[in-house]
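The structure under discussion appears below in the form of structure tokens.
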Amino acid sequence: MATNPPPDLTLALLGGEARPLEEWLTTFHLLSVVLDPYTNESSWILPTATRILEGLRGSDARVNFVVTADASDTRAFLGPLVGQFLVFLDPDRTVVKALGLDHLPAIVFVRVDGTVPAAAEGWSAAAWRDVAEKVAAATAWSTPDIPIVGDPGPFRGSPAFA
């Protein structure tokens, strides 16, 4: 079950500087899809996660990926998506631990006040839709369609810590 992260949690931006979470939350909420590029489960959800983030991009939430890998492996996994979204690196899984995640992939909504009102681990269309609806309600935005044809069937995800 996701937990509220500490405000001094450091988020390391791919190709940029690391800053505390509270600095990323000064104006916008964060909507993060957390991926483990070394598992099938995260690769299965990547097209769906990209579509969901794209659907919420114009809201008052910074849509992003948090990838549990170094810069080289993150670039290899995400490919051209690294130029389209904010991407944070979490090779030691400090962010995953601070968010209280047990399974990846995950989607996590962090409000500007640092609280986590919604999160889902693994893939369940209903659970991810619930997170997207909470983001849409908080930002007066439209909820993307979840699921659509081509989205994977439900799965639990891989353990965040093996």
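The values are calculated or read from the model by the stated rules, or taken from the named source; none is laboratory data. Everything numeric here is computed off the predicted structure, so don't read it as measured data. Heads up, the Cβs are rebuilt from the backbone with ideal geometry, glycines too, and the neighbour counts pull from every protein chain shown.
Which pairs have Cβ atoms under 7 Å, sit 6 or more apart or on different chains, and link a residue in the range 28-55 that is closer than 14 Å to F88 by Cβ to one that is small (G, A, S) and assigned to a strand (DSSP E or B)?
L30/A61; L31/A61; V34/A106; D36/S158
From (1) within 24 Å of T139 (Cα to Cα); (2) in a strand (DSSP E or B); (3) small (G, A, S), pick out the condition that doesn't hold for G58.
With respect to (1) within 24 Å of T139 (Cα to Cα); (2) in a strand (DSSP E or B); (3) small (G, A, S), G58 is out only on (2).
If you go through the range 44-66, how many residues are buried (at least 23 other Cβ atoms within 10 Å of the Cβ) and of a type in the set (F, W, Y)?
1
Conditions tested, residue by residue: (1) of a type in the set (V, I, T); (2) surrounded by 15 or more Cβ atoms within 10 Å (Cβ to Cβ); (3) modelled with pLDDT of 95 or more.
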{"position": "T68", "(1), (2), (3)": "yes, yes, yes"}
{"position": "R75", "(1), (2), (3)": "no, yes, yes"}
{"position": "G79", "(1), (2), (3)": "no, no, yes"}
{"position": "L86", "(1), (2), (3)": "no, yes, yes"}
{"position": "L89", "(1), (2), (3)": "no, yes, yes"}
{"position": "V95", "(1), (2), (3)": "yes, yes, yes"}
{"position": "G100", "(1), (2), (3)": "no, yes, yes"}
{"position": "P105", "(1), (2), (3)": "no, yes, yes"}
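Across the range 10-24, what is the number of residues that are in contact with a Lys or Arg (Cβ under 8 Å, 6 or more places away or on another chain) and in a loop (DSSP other than H, G, I, E, B)?
1
Looking at the range 70-94, which of the residues that are in a loop (DSSP other than H, G, I, E, B) and in contact with a Leu (Cβ under 7 Å, 6 or more places away or on another chain) is nearest to A119 (Cα to Cα)?
F85
For the range 107-154, which residues satisfy the criterion of being among the small types (G, A, S), surrounded by fewer than 14 Cβ atoms within 10 Å (Cβ to Cβ) and either farther than 25 Å from D36 by Cβ or in contact with a helix residue (DSSP H, G or I) (Cβ under 6 Å, 6 or more places away or on another chain) (or both)?
A137, A140, S142
In the range 95-140, how many residues are outside any loop (DSSP other than H, G, I, E, B), over 14 Å from the mean Cα position of the chain (by Cα) and of a type outside the set (D, E, K, R)?
Result for the range 95-140: 6.
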